[in-house]
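*Asks:* First, the structure itself, so that you have it in front of you.
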Amino acid sequence: MSASPLAGKRVVLGVTGGIAAYKAIEILRRLVDAGAHVVPIMTDAAQHFVGATTLSALASEPVQTKLWNNPTTAIPHTKVGQGADLIIVAPATAKSIAAYRMGYSHDLLQNTLIATRAPVVLCPAMHTEMWEHPSVVDNVATLRKRGVQIVEPEYGRLAGGDTGAGRLADPATILDIAERVVGPADLTGVRVVVSAGGTREPIDAVRVIANRSSGKQGYAVATEAVARGAEVTLVSTVGLPTPAGVQVIAVESAAEMQEAMERAAINHDVIVMAAAVADFRPVHAASGKIKKGDGVPEIVLQQTPDILAGIGARKRNDHVLVGFAAETANLVDNAKEKLERKRLDLIVANDVSASGVGFAHDTNAVTLLRPDAKPVEIDLATKREVARAIINAVVDIRNAR
Ligand code: C5P
């Protein structure tokens, strides 16, 4: 299993006083799950929103709140920041952003922020009027220029029933960005295109031939690639949340996916074909809705072009081509045959009949096969962990050239 780059890292999680402070608990839980050693710091105002006990119970060590009479160390204003590998402030209020911009070190969190050389990820959350106020805009721009990673708030429901920009980014997005900041940037400058989801082939104006692919594994590969510094395009049939920093091209049918992928193959270096492309499609799609009263229709099918095999046939020497093989029998033999026939550099074989594996699940178990390397088996793991193993193999293939 491939560990998160956050594993073993000392991460300070600063929580400031906004209603979104309750979401810091979810961020904390995810950091701990990723294997990080989490040092929580709360401001006085944060403690009006969530209890220090909750954070202490979930973190790797008790919450720190005090600059003075700190039970952990006599010099907390420098010790915490100096020991950190990463600092995340979530939520970051307008006041805490202003203080950080000015170096106004009035509390433990602000002291930690200016006594560190570790990267800082700032996750603002506030009402729209505050987020758009020129002072906040200016402070955020200055911090960004200094290299602080700003996780933009989302548009959505805010406290008090308002709706607008300012809602704390999703904890999953914050974790993705944290991993990106501390992880290896071994795909910097590399262009990666990933296809994801199942295609839908029209029968008539309302009906389609579809399949059970959720697109989750493809999205996980795109998320991991962007975390490693790649420029990523996702050619997708599904409406999952767009991973931060990824450009999505929405398609529906195999024909649309073929056009998008063949165009992308021209200016991308790594091509990952994770989509479940229909093998057959109706020869004619009726322009209107086929009427039930007209009797059972006869739908004549034709084979769709094999997108991956087509790209494989015209493969450049610098391309890395990755395919998937979803099988229910003879997993390795069938996958090897596809690896050769489609001229792939890597095939991700999964037995979709096993439990917890393949379509719609959040977990997967796969075998990675390459033309001249030993098969790598990944036991049941999250799709993100599988994605990490796939990207590790892609990096390995590029480095070996
Ligand atoms: O031959 P099979 O469909 O099992 O091959 C699976 C691999 O080929 C996947 O990577 C899938 O995205 C790709 N494929 C394709 N075009 C098709 C069928 C499959 O690119 N028409």
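*Asks:* Give the lysines whose C-alpha is closer than 27 Å to that of K66, dropping any in the same chain fewer than 8 places away, or say none.
*Replies:* K9, K23, K79, K95
*Asks:* Using Cα pairs closer than 8 Å and at least 6 residues apart in sequence, work out the relative contact order for segment 10-182, in percent.
*Replies:* Working: 350 pairs, mean separation 38.9, N = 173.
Over segment 10-182, the number comes to 22 percent.
*Asks:* Further, regarding this structure: If Lys and Arg each add +1 and Asp and Glu each add -1, what is the summed charge of the other residues whose beta carbon sits under 12 Å from the beta carbon of L122? Intermediate results must be reported in sequence, preceding the final value.
*Replies:* Values: positive: R101, R144, R146; negative: E152.
Every neighbour counted, the sum reads +2.
*Asks:* Where the accessible area of the chain is counted over protein heavy atoms with a 1.4 Å probe, how much of it, in %, is carbon and sulfur? Show your work: numbers first, answer last.
*Replies:* On the way: 9700 of 18910 Å².
Looking at the chain in its full context, I get 51 percent from C and S.
*Asks:* I would also like to ask the following. Given that compact globular proteins tend to follow 2.2 N^0.38 Å, what is the ratio of the alpha-carbon Rg of segment 244-401 to that value? Walk me through the numbers before you get to the answer.
*Replies:* Values: Rg = 17.9 Å, N = 158, 2.2 N^0.38 = 15.1 Å.
Against the empirical 2.2 N^0.38 Å value, I get 1.19 for segment 244-401.
*Asks:* List the trypsin sites (Lys or Arg not before Pro) within segment 204-251 that fall in a DSSP loop (any state other than H, G, I, E or B) and whose Cβ has at most 15 other Cβ atoms within 10 Å. Please list the in-between numbers first.
*Replies:* Values: sites: R207, R212, K216, R228; in loops: R207, R212, R228.
For trypsin sites (Lys or Arg not before Pro) across segment 204-251 that sit outside H, G, I, E and B with at most 15 neighbouring Cβ atoms in 10 Å, the list reads R212.
*Asks:* Which of the aspartates and glutamates could be linked to K291 by a straight reach, that is with a Cα gap under 14 Å, when you skip same-chain ones fewer than 8 residues away?
*Replies:* Within reach: D204.
*Asks:* In addition: Computed FRET efficiency, Cβ-Cβ of Q302 and A360, R0 30 Å: what is it to the nearest 0.05? Write down the numbers at each step before the final one.
*Replies:* Working: r = 28 Å, r/R0 = 0.92.
Step by step, r from the Cβ atoms, then E = 0.60.
*Asks:* Less than 17 Å apart at the alpha-carbon level, and either on another chain or at least 8 residues along: which lysines does that give for K374?
*Replies:* K336, K338
*Asks:* What percent of all Cα-Cα pairs in segment 10-182 falls in each 10 Å bin, counting up from 0?
*Replies:* 11, 43, 37, 9, 0
*Asks:* Where the centroid of each part is defined by its Cα atoms, how far is segment 35-96 from segment 368-392 in Å?
*Replies:* 37
*Asks:* Send over a whole-number figure in Å² for the accessible area per residue of segment 191-400, probe 1.4 Å.
*Replies:* Working: 10060 Å² over 210 residues.
Computed with neighbouring chains in place, this is 48 Å² per residue.
*Asks:* Roughly how many nanometres apart are two label points built 7 Å out from the Cα toward the Cβ at R314 and K291?
*Replies:* Roughly 4.4 nm, to one decimal.
*Asks:* What is the sum of charges, Lys and Arg at +1 and Asp and Glu at -1, for the other residues whose Cβ falls under 15 Å from the Cβ of G288?
*Replies:* For residues surrounding G288, the net value is +2.
*Asks:* Can you tell me, using C-alpha contacts under 8 Å and at least 6 residues apart, the relative contact order of the chain as a whole percent? Could the numbers behind the result be given before it?
*Replies:* Working: 879 pairs, mean separation 47.1, N = 401.
It comes to 12 percent, rounded to a whole number.
*Asks:* Using all C-alpha to C-alpha distances in the chain, build P(r) with 10 Å bins and read off the rounded percent in each one.
*Replies:* 5, 21, 26, 21, 16, 9, 3, 1, 0
*Asks:* A further question follows. I'd like the trypsin sites (Lys or Arg not before Pro) in segment 355-398 restricted to DSSP loop residues with at most 15 other Cβ atoms within 10 Å, sorted by number.
*Replies:* Sites meeting the loop and neighbour criteria: none at all.
*Asks:* Tell me the net charge near G229. Cut-off is 10 Å between Cβ atoms, G229 excluded, with +1 for each Lys or Arg and -1 for each Asp or Glu. Show your work: numbers first, answer last.
*Replies:* Numbers: positive: R180, R228; negative: D186, E231.
Result for the local shell: 0.
The values are calculated or read from the model by the stated rules, or taken from the named source; none is laboratory data. Please read all numbers here as calculations on a predicted model, not as lab measurements. Please note: Cβ atoms are built from the backbone with ideal geometry, for glycine as well, and neighbour counts cover all protein chains shown. For accessibility, only protein heavy atoms count, side chains too; no ligands or nucleic acids. Shrake-Rupley method; radii C 1.70, N 1.55, O 1.52, S 1.80 Å.
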